[in-house]
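The values are calculated or read from the model by the stated rules, or taken from the named source; none is laboratory data. None of these values were measured; they are calculated from a predicted model. No Cβ is skipped: glycine too gets one built from the backbone with ideal geometry, and neighbour counts run over all protein chains shown. The accessibility values were calculated without ligands, DNA or RNA, using every heavy atom of the protein model including side chains. Shrake-Rupley method; radii C 1.70, N 1.55, O 1.52, S 1.80 Å.
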Amino acid sequence: MRTESTRPATVQAARALTPTVTQYWLTGAPGAAPLAAAVPGQHITLRLGPRYKTYTVLAAGDEGYELAVRNRDRGGRRDHLSPRLYVGAPVRLPAPDGQFTALGAATCTHFVAGGVGINPILAVLSDGRLRGWRLFYVDRGAQEFPFLDRVQELAREQNGSVVTFDTAGQGRPDWDTVVDGIPVGSTVGVCGPNGMVAAMRDALERAPGSRQLITDGSGTTGEMPPSVEVECVKTGITFEAAQHQPLLDALNRNGVGVPSSCRQGICGTCEVEVRAGRIDHRDEVLTDEEKDASSYMLPCVSKSIGTRLVLNV
């Protein structure tokens, strides 16, 4: 997508939704061609300076696009997108893409959202075609959950229901239990960090009966080796980690203390520097450029593609 033509746009307005999520409205740049038509639920890859990041189009019209972006202060170690998103900021956009729209998810009866993974699901529900749906909504912190008021209002109008799960107070969801609450034969729409999507996919495969999974296109990048040799530079520890378990757990179990919080690839607390190795990134913290470079990873959800990994911990 990065090699295709882009159109100039401007950040027209911004509004804080939660302590970490901001709502933005993008319009075509003055004097430039109008932005390409978009269907809510599609995504765009936003370019600001040298950075790229993919976001869901929540609403679209002749005036432009509505987005919601999770902003983070990651200690100033390196630049990230949010400081570049301000009212009046110039950006460049390719044409929207993606099939997780009201039409593509028309058969869903259940949804699972993680963090700003609520965005494409909100776009689908706002279309008004679905009735009697159920949503399991995961985020970190009682002050988070962007658009919770909106989805609760839609639930009242559409005979839906919303269950929230706060990882700050409740830990990690038991995905097997979540799947057990979904009737056999249902179609489940899942959007969020790749680690969460992979966990739901695994739970669906383990569960008796058949349930169809629809995602927003995120997923793993290929086959993983069954285990990986992990060398930790600062502590001088080397150990073998099984890939079916979180790397974060293996680090802590082997005496390498890595702080963590959400354990869903949402908060960025457990981020570590990668000295060598290729990573299957499953978080929603790193930018696309950072994921391509694989200089950092979130071991709570991300995996090693190769059989050896060197971390600066």
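Consider region 182-206. How many of its residues are aliphatic (A, V, I, L, M), outside any loop (DSSP other than H, G, I, E, B) and either touching a Pro at 6+ places or on another chain (Cβ under 6 Å) or surrounded by fewer than 19 Cβ atoms within 10 Å (Cβ to Cβ) (or both)?
Looking only at that region, the number is 0.
Out of region 149-164, which residues are touching a strand residue (DSSP E or B) at 6+ places or on another chain (Cβ under 7 Å) and open to solvent by 30 Å² or more (accessible area, probe 1.4 Å)?
Answer for region 149-164, where residues must be touching a strand residue (DSSP E or B) at 6+ places or on another chain (Cβ under 7 Å) and open to solvent by 30 Å² or more (accessible area, probe 1.4 Å): GLN152, SER161, VAL162, VAL163, THR164.
Could you check region 125-148 and list, in sequence order, the residues that are open to solvent by 30 Å² or more (accessible area, probe 1.4 Å) and over 23 Å from THR107 (Cβ atoms)?
ARG140, ALA142, GLN143, LEU148
Taking region 165-181 only, how many residues are exposed (fewer than 11 other Cβ atoms within 10 Å of the Cβ) and basic (Lys, Arg)?
The total comes to 0.
Enumerate the pairs (first residue in region 129-145 and over 17 Å from ALA155 (Cα atoms); second residue anywhere and assigned to a loop (DSSP other than H, G, I, E, B) and aliphatic (A, V, I, L, M)) with beta-carbon separation below 6 Å, excluding pairs fewer than 6 apart on the same chain, so at least 6 apart or on different chains.
Hits for this filter: ARG140/ILE266.
Given the conditions (1) at pLDDT below 90; (2) surrounded by fewer than 16 Cβ atoms within 10 Å (Cβ to Cβ), which single one is not true for THR238?
Only one criterion in (1) at pLDDT below 90; (2) surrounded by fewer than 16 Cβ atoms within 10 Å (Cβ to Cβ) is unmet by THR238, namely (1).
Could you please find all residues in region 1-36 being touching a residue at least 40 places away in the same chain (Cβ under 8 Å), in a loop (DSSP other than H, G, I, E, B) and either among the hydrophobic types (A, V, I, L, M, F, W, C) or touching an Asp or Glu at 6+ places or on another chain (Cβ under 9 Å) (or both)?
MET1, ARG2, LEU17, THR18, PRO19, THR20, ALA29, LEU35, ALA36
Return the total of residues in region 119-157 being closer than 19 Å to GLN212 by Cα, in a helix (DSSP H, G or I) and either in contact with a Pro (Cβ under 7 Å, 6 or more places away or on another chain) or of a type in the set (A, V, I, L, M, F, W, C) (or both).
Summing the residues that are closer than 19 Å to GLN212 by Cα, in a helix (DSSP H, G or I) and either in contact with a Pro (Cβ under 7 Å, 6 or more places away or on another chain) or of a type in the set (A, V, I, L, M, F, W, C) (or both) in region 119-157 gives 3.
Select from region 275-313 the residues that are open to solvent by 20 Å² or more (accessible area, probe 1.4 Å), hydrophobic (A, V, I, L, M, F, W, C) and not in a helix (DSSP H, G or I) and list them in ascending order.
Passing the criteria: ALA276, ILE305, VAL313.
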